Amino acid sequence: MTDDVGLHALERGDHLAGLARRDVQLRELCPWYRDGILRSLGHLFVLAALAACGRVGFDIAATADGSPPTDAARDAGNGDASRVTSCSTGLSAICGAAGAGDCCESPLVTGGAYARSFDVATDGMFASNAFTATVGDFRLDKYEITVGRFRAFIAAGMGTQAQPPVAGTGAHAATSGSGWDPAWTTNLLADTNALIAAVKCNSTAQTWTDAPAGNENRPMNCITWWEAMAFCVWDGGYLPTETEWDYAAAGGAEQRAFPWSTPPGFLEIDPTRGSYSDGTNCVGDGLPGCAITDLIPVGSKPQGDGRWGQSDLGGNLWEWTLDAYRTPYSIVPCTDCADLAASGGRASRGGYYSSPIVWLRSANRFGNAEAFRVSEQGARCARAP
Ligand SMILES: [Ca+2]
Ligand SMILES: [Ca+2]
C-alpha cells in the first residue's frame with residue numbers, strides 16, 4: 001500500500017497527486033473498482049471507497065477538502081505511517097507478495113494471555129506451558145527491516161556515535177528503563193563511513209549495496225543489536241520484547257507451532273511458507289544451494305504469514321529482540337515484561353535462510369552477543385498501539 005506517499009501528498013495540499021495515489025490503491029485493492037465507471041464519481045468516492053476496502057478510516061473522507069488526515073484516521077488503517085520515519089520521505093512501496101506494498105506497514109497485535117515458548121503440536125517439542133505471560137496491544141511491523149529502509153537511516157546520518165539516539169528514547173511504555181542507554185553509544189561505529197563498511201560483512205550474502213540495486217526490498221542483514229535498536233528508535237518504534245515477538249509468532253493463545261500453523265498444531269512446512277534450509281539446500285529461492293537470492297524479498301511468501309499478518313517471522317533472517325537471553329525465562333509470570341539484564345547477549349528469534357527447520361518453530365529461542373554481525377541476522381521493529 002502507498003499510504004506514506006498518498007498521505008504526505010495530501011498534507012502538502014497537492015490534492016490531485018494524493019488522490020491519484022488513492023486511485024492506484026483502489027485499483028490494486030478493490031477488484032470491483034477496476035471497471036473504471038465508478039471512478040467518474042470523483043474524489044469523494046475515491047476516499048469513501050478506500051474506507052470501504054478497509055485501508056483507511058471512514059473519517060478520512062472528511063479530509064476531501066485537503067486538510068491533513070487525523071491520527072485517528074491513520075490509526076484505523078494498518079499502522080500510522082506518520083510515525084514511521086523510514087517511510088516518511090516517499091520510500092517506494094515495493095514490499096509484500098506483489099512487490100507493491102508499504103514496506104512500513106505495522107499491523108496491530110491484539111494482546112492477551114498465553115504461555116511463552118509453548119505450542120500445541122503433538123510432537124511434544126515445546127510442551128511446557130509454565131512460562132505464562134500477559135501482553136498488551138502493540139504493533140509489530142509486517143516486515144523485517146529492509147535495505148531500503150536502512151538506507152534512509154544511513155542517509156539521515158543515524159546509527160553511529162556521531163548521531164546516536166537520544167538517551168531514553170525508544171522506551172517500551174510498560175517497561176521503565178528500556179529506552180536507549182547512553183552507555184550503549186560507544187558500541188556504535190564512529191561514523192557513517194564506518195557503518196557502511198561494516199554492513200558489508202559477507203561478500204556473498206550481505207544485502208546492503210552502496211547504491212540502490214536489486215535488494216531494496218530484501219531484509220537488511222549484518223547489523224548488530226545496537227544498530228537494530230538505534231534503527232527502531234529512529235524509526236518511531238522499539239525492538240520488540242522477546243515476549244511480544246513470541247506472542248505474535250505463536251498467534252497468542254492459539255499457541256501455534258509455526259507462525260502460519262492453522263490449526264495451531266499444524267506442523268507442515270514447505271518452501272511456500274518461508275526461507276530456510278531443508279538440510280541440503282536453502283529453499284527460499286527455489287534453486288539448489290544457498291545464495292543471496294535465498295534472502296527473499298520481505299513478505300514474498302504470504303502463506304507463511306502469522307495470525308496478525310506479520311511476514312517471515314519464521315525464517316529469512318533471525319530477528320533481534322529487546323531482551324537479554326536467559327534460559328529458562330527469568331521473569332515468571334510476565335506482564336508485558338522485558339529482561340533488561342546486562343547479560344552479554346540478546347534473544348534472537350525465528351531462524352534464518354540457512355537454518356534448520358526447527359529453528360523456525362515459533363517457540364524456539366536463541367541468544368546472540370550484541371556485537372554479532374552476520375548475514376543471518378536482521379530485525380523488525382515494534383510500536384506503540
Ligand atoms: Ca537456494
Ligand atoms: Ca525472520
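A compact table of results
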| item | result |
| --- | --- |
| Verdict on Thr122 being assigned to a loop (DSSP other than H, G, I, E, B), out of contact with any Phe, Trp or Tyr (no Cβ under 8 Å at 6 or more places or on another chain), buried (at least 16 other Cβ atoms within 10 Å of the Cβ) and in the same structural domain as Glu319 (by TED's automatic domain parsing) | no |
| Filter result for the condition that a residue is out of contact with any helix residue (DSSP H, G or I) (no Cβ under 6 Å at 6 or more places or on another chain), within 30 Å of Ala190 (Cβ to Cβ) and among the hydroxyl-bearing types (Ser, Thr, Tyr), over Thr224, Thr280, Thr262, Thr243 | Thr224 |
| Only one of Thr243, Thr169, Thr175 that is of a type in the set (S, T, N, Q), closer than 30 Å to Ala127 by Cα, in the same structural domain as Phe118 (by TED's automatic domain parsing) and part of a loop (DSSP other than H, G, I, E, B) | Thr175 |
| Out of Asp278, Asp285, Asp294, Asp305, sole residue that is more than 16 Å from ligand 2 (Cβ to nearest atom) and charged (D, E, K, R) | Asp278 |
| Some residue of region 225-234 being part of a loop (DSSP other than H, G, I, E, B), among the charged types (D, E, K, R) and at pLDDT 95 or above | no |
| Residue match in region 153-161 (condition: within 14 Å of Trp234 (Cβ to Cβ), assigned to a helix (DSSP H, G or I) and among the aliphatic types (A, V, I, L, M)) | yes |
| Sole exception among (1) more than 16 Å from ligand 2 (Cβ to nearest atom); (2) crowded, with 19+ Cβ neighbours inside 10 Å; (3) farther than 21 Å from Gly237 by Cβ for Ala369, by number | (2) |
| Unique residue being within 13 Å of ligand 1 (Cβ to nearest atom), of a type in the set (Val, Ile, Thr) and assigned to a loop (DSSP other than H, G, I, E, B) when the list is Thr280, Thr262 | Thr280 |
| Every pair of residues 6+ apart whose Cβ atoms lie under 6 Å, when the first sits in region 87-99 and is within 16 Å of Arg218 (Cβ to Cβ) while the second is modelled with pLDDT under 95 and assigned to a loop (DSSP other than H, G, I, E, B) | Ala93/Thr2 |
| Members of region 200-235 found to be under 20 Å from the mean Cα position of the chain (by Cα), under 27 Å from Gly344 (Cα atoms) and within 16 Å of ligand 2 (Cβ to nearest atom), listed by number | Thr207, Pro219, Met220, Asn221, Cys222, Ile223, Trp225, Ala228, Phe231, Cys232 |
| Flag for Ser106 being at pLDDT 95 or above, assigned to a loop (DSSP other than H, G, I, E, B) and buried (at least 22 other Cβ atoms within 10 Å of the Cβ) | yes |
| Ala183 vs. criteria free of Cβ contacts under 8 Å to residues at least 24 places away in the same chain and more than 20 Å from Ala155 (Cβ to Cβ) | yes |
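The values are calculated or read from the model by the stated rules, or taken from the named source; none is laboratory data. Nothing here was measured: the structure is a model prediction, and the numbers come from that model. Neighbour counts run over all protein chains shown; Cβ positions are idealised from the backbone, glycine included.
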